[in-house]
1. Quick one: among Val48, Val75, Val93, which has the greatest mean-square fluctuation in a GNM of the chain with alpha-carbon springs under 10 angstrom?
2. Using Cα centres only, tell me the gap between region 3-19 and region 73-110 in whole Å.
3. Compute the accessible area per residue over the chain, keeping the other protein chains in place, probe 1.4 Å, unit Å².
4. Given labels modelled 7 Å from the Cα in the Cβ direction, how far is it in nm from Thr78 to Ala23?
5. Taking the chain on its own, what percent of its Cα-Cα pair distances exceed 25 Å?
6. Region 5-84: which trypsin sites (Lys or Arg not before Pro) are DSSP loop and have at most 11 other beta-carbon atoms within 10 angstrom?
7. If you filter region 15-101 for GluC sites (Glu not before Pro), then keep DSSP loop positions with at most 10 other Cβ within 10 Å, what is left?
8. How much of the accessible area of the chain, in percent, comes from carbon and sulfur atoms when a 1.4 Å probe is used?
Amino acid sequence: QVQLVESGGGLVQAGGSLSLSCATSGRTIDANAMGWFRQAPGRERELVAAISWSGSSTTIADSVKGRFTISRDNVKHTLILRMNSLKPEDTAVYYCAAARTIGIINDDRLYDYWGQGTQVTVSS
């Protein structure tokens, strides 16, 4: 089993920045593909960014492209989402996810492990 714990969420004004972290523990060898998803009230969960184990392949959703970056530190078993120029529409619960599959995964149905989520609220 892989345990994922997100941190770094909070309240920020529009235009501000936040950095989310996802600490991985347990059977970390099974955390190959990883990603960040978000879900706003009344909306479906959506992909924010995904990354391969090596970090050489990434996917960034069009809605956050140019503002968000995803990275990982496999020595510290940590996944990072750096969010700049935040907008009120970025308000959501952000989830970290991991999959045993090697490569990069954009479909949330293919992830095996999920964190509990961290709230990000952007005020206008």
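The values are calculated or read from the model by the stated rules, or taken from the named source; none is laboratory data. Since the structure is predicted, the reported quantities are computational estimates derived from the model, not experimental observations. Please note: Cβ atoms are built from the backbone with ideal geometry, for glycine as well, and neighbour counts cover all protein chains shown. Please note that ligands, DNA and RNA were not included when accessible areas were found on the heavy atoms of the full protein model with its side chains. Shrake-Rupley method; radii C 1.70, N 1.55, O 1.52, S 1.80 Å.
1. Of Val48, Val75, Val93, the Gaussian network model singles out Val75 as fluctuating most.
2. 12
3. 51
4. Modelled inter-label distance: 1.0 nm.
5. Beyond 25 Å sits 16 percent of the P(r) for the chain.
6. Counting only loop positions with at most 11 other Cβ atoms within 10 Å, the trypsin sites (Lys or Arg not before Pro) in region 5-84 are Arg43, Lys65, Lys76.
7. Glu44
8. Carbon and sulfur atoms account for 49 percent of the accessible area of the chain.
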